[in-house]
Amino acid sequence: MSSFPYKRMVVIGVTSSGKSTLAETLARRFDMDFIELDALHWEPGWQEAPLEVFRDRVEKAVEAERWSVAGNYGIVRDLIWPRAEAIIWLDYPFMTVFRQLTRRTFKRWWTKEVLWGTNVEPFFVHFKLWSPDSLFHWLFKTYWRRKREIPALFAQAEYSHLELIRFAHPKETAEWLESLPDRASQKKI
């Protein structure tokens, strides 16, 4: 892909599709700021940042010249997408994402991984599928909705400047990453 790397890109997908991992990998590889929307959104104790605080954090972060954003927050899309050049959509099969979420949940519980400052994911909450605090609940709630919403977003004129890079399986993503040139061989854009 001759026009890659872009200066500003967004990685989107459902929970546990690998947005943060890919966005951080691209940021490191191409000397960009890595912006994880979850890190800007969540306060200690799993409290959501007030909307104006979250928007302010995002607005400041995307002032940078080069960045790779991980996340789907619609409430800040108007701050990010107009400046972005490309959207990478991790549009993986449901069972692939479900397995990834299950592995990630067990790993984070086992290692007591600290997320965004002081937060540790609660284990049993995620398996209460009826609970809005469960990531599995969130996956079931959003998976098919995103399949409808994302193409509709790209049909809007305001996003016609964006190049959509869509991957249907993690193997496609890995092959694409492998095909990209190293940072050392890149000129600054």
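Where does the charge balance sit around T111 when Lys and Arg score +1, Asp and Glu -1, over other residues with C-beta under 13 Å from its C-beta? Walk me through the intermediate numbers first.
Values: positive: R103, R104, K107, R108, K112; negative: E113, E121.
Surrounding charge for T111 is +3.
Looking at this model, which pairs from K60/K107; K147/K171; K19/K112; K19/K141; K7/K141 are more than 24 angstrom apart at the alpha-carbon? Could the numbers behind the result be given before it?
On the way: K60/K107 32 Å; K147/K171 20 Å; K19/K112 21 Å; K19/K141 18 Å; K7/K141 33 Å.
The answer is K60/K107; K7/K141.
Looking at the square roots a ≥ b ≥ c of the eigenvalues of the Cα gyration tensor of region 1-123, which shape do they give, rounded for a/c under 1.5, prolate if a/b is larger than b/c, or oblate?
The shape class here is oblate.
Sticking to Cα atoms, compute the Rg of region 1-57 to one decimal and its Dmax as the biggest Cα-Cα distance, whole number, in Å.
Final numbers for Rg and Dmax: 13.5, 44 Å.
So what is the calculated 222 nm ellipticity per residue for the chain, using -39500 (n - 2.57) for each DSSP H run with n of 4 or more, over all residues, to the nearest 500 deg cm²/dmol? Write out the running numbers ahead of the final one.
Values: 8 runs with 83 residues, N = 189.
Taken over the chain, the calculation gives -13000 deg cm²/dmol.
Considering the zone a paramagnetic label at K147 would reach in this model (a point 7 Å from Cα along the Cα-to-Cβ line), which residues of region 77-101 have amide N under 16 Å from it?
90-99
Would region 48-90 count as rounded, prolate or oblate if I go by the C-alpha gyration tensor, calling it rounded below 1.5 in a/c and otherwise prolate when a/b exceeds b/c, oblate otherwise? Don't skip to the answer; put the middle values down first.
On the way: a/c = 2.12, a/b = 1.39, b/c = 1.52.
Since a/c reaches 1.5 but b/c is at least a/b, the shape of region 48-90 is classed as oblate.
In whole angstrom, how far apart do the alpha carbon centroids of region 44-82 and region 87-101 sit?
Region 44-82 and region 87-101 have Cα centres spaced 22 Å from each other.
Looking at the chain, what % of its DSSP beta bridges pair antiparallel, to the nearest 5?
Numbers: 4 of 22 bridges.
Of those bridges, close to 20 percent are antiparallel.
How far apart, in nanometres, would the label points at A155 and L177 be if each is projected 7 angstrom from Cα along the Cα-to-Cβ direction?
In this crude spin-label approximation the distance works out to 3.3 nm.
Rule-based calculations on the coordinates, nothing more; no lab input. Just so we're clear, the structure is a prediction, and the values are computed from it rather than from any experiment. Here the Cβ is made from the backbone with ideal geometry for all residues, glycine too, and neighbour counts use every protein chain on show.
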